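Readers should treat all values here as calculations from the given coordinates under stated rules, not as data from a laboratory. Everything quoted here is computed from the prediction, not taken from an experiment. FYI the Cβ positions are ideal-geometry reconstructions off the backbone, even for glycines, and counts take in every protein chain you see.
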Amino acid sequence: GLLICVLTLNEIHKAQHFKMKTISYTCHSFKSSVGTDRFARSSLQEMFIGFSDSPQVLCKSSLSAALYDFKQAIDKEDISNVKIVTSSRGRGLFQVYQGLLFTSAYNFEYSIMFDNLSCDCCPPGQCTADAERELSTFLQHLPALKGDIAILRSSLISDCFGHGFSTRTGGISYISTLSSLNLFCNPRRKDSRAVVAENLRRLGLQAGFHPHQFNLIKCNHASDVWVMGKPAPDSYDGMVTNQVGVVIAAPGADCMPLLFTDPVAKAIGVAHAGWKGTLMGIAMATVNAMVSEFGSRPADIVCVIGPSVGPCCFTLEQDSAREFHAIHPDCVRHIDSSRPYVDIRHATRILLERGGIKPEHIEDLRIPHKSDSTLCTSCHPELFFSHVRDGLNFGTQIGFVWIK
């Protein structure tokens, strides 16, 4: 666990005489640069003189900057349990930032010791809005990690659509398995919604869309499809629309993000297809929704299969592998082994062709300038996130499309 003291600048000045038993970090924010004539950096440390553990003082120009540094420090040490000694005002303010910058992967305990020091503060709603603006501005100025944003595109998709598949470079996520353009905030992982929102903003600037237009599938590894404009189910692995300017997207981190476009009926769809969804028919369920809702013909629909784990790295229990073998023997390698290797991409192509999609309208996306290279997420850590490779704390890339 970790103990942190959170005080406002005024509370710091009043609290010099307080004695605290233990402390590891203290976060303070200033309106100007580090240290002032009245509150130099060294004077802040005096309030902790004589303690068994020497504190580390994080002095930054904003609370956002201080708490972001604090988060980096505890993430480096893989610390998740934090005790905060503060005032009631400090607790309220920190809880705003806790919701923006942390997830439920962290556990915070608050201890109120400085209520007699508290002063008036802004109303809770205003504090939240101010914190969101301050944090957003701070994150926008952070440098990109692992290079620039790179977007993979398909030559099969008509210019009347905007589309792409993200890779892992050019974002601000710093945890190794999430670095750097992670585009999904899972409460069990340590990338906050504010960081993911900034990654999405940067992707949108590069790709040509605004985050307010963005809609991401709510996965359940099944075959439900949401027709935008109708009541949304709690979860769905497919999404279709004919609304101009609305960006729809499917996540992936070994599962396939599938993009569907119909330049004749001017309709689009996306699907998240893992091995379970593939067997349940999510690809053709998305096609069928476009046909029934927008009058699309399967022969007019183009499908692009985005980055996913390849048959080189993906295995299943034999019972599940035999279901893929039943689709086509070429979908499984070493069928008699305890964990055969499975090709979910090939299975998807076969199922789409059987459903009426022309073979020449299906693209199995490849790495640019390497047309013979299998686009396996697990095999390319420099380009993609992968659950198979990285374990439970994995990042997420997406496939996205919109009607111009």
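The figures follow:
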read-out	value
Semi-axes of the equivalent ellipsoid for segment 151-403, Cα gyration tensor, largest first, Å	25, 24, 16
Efficiency of FRET from Cβ geometry, Ile112 and Asp148, R₀ 45 Å, rounded to 0.05	0.45
Magnitude of the charge dipole, segment 151-403, Cβ model with Lys/Arg +1 and Asp/Glu -1, debye to 20	560
Rounded Å value of the spacing that divides the Cα centres of segment 318-359 and segment 82-110	48
Farthest toward positive dipole pole in segment 119-214 [+1 Lys/Arg, -1 Asp/Glu at C-beta], among Leu139, Ile151, Val196	Ile151
Where labels lie 7 Å past Cα in the beta-carbon direction, separation of Arg133 and Cys312 in nm	5.0
Reduced Cα scattering model of segment 239-360, Debye log10 I(q)/I(0), q = 0.23 Å⁻¹	-1.26
Cα convex hull volume per residue for segment 129-249 (Å³)	144
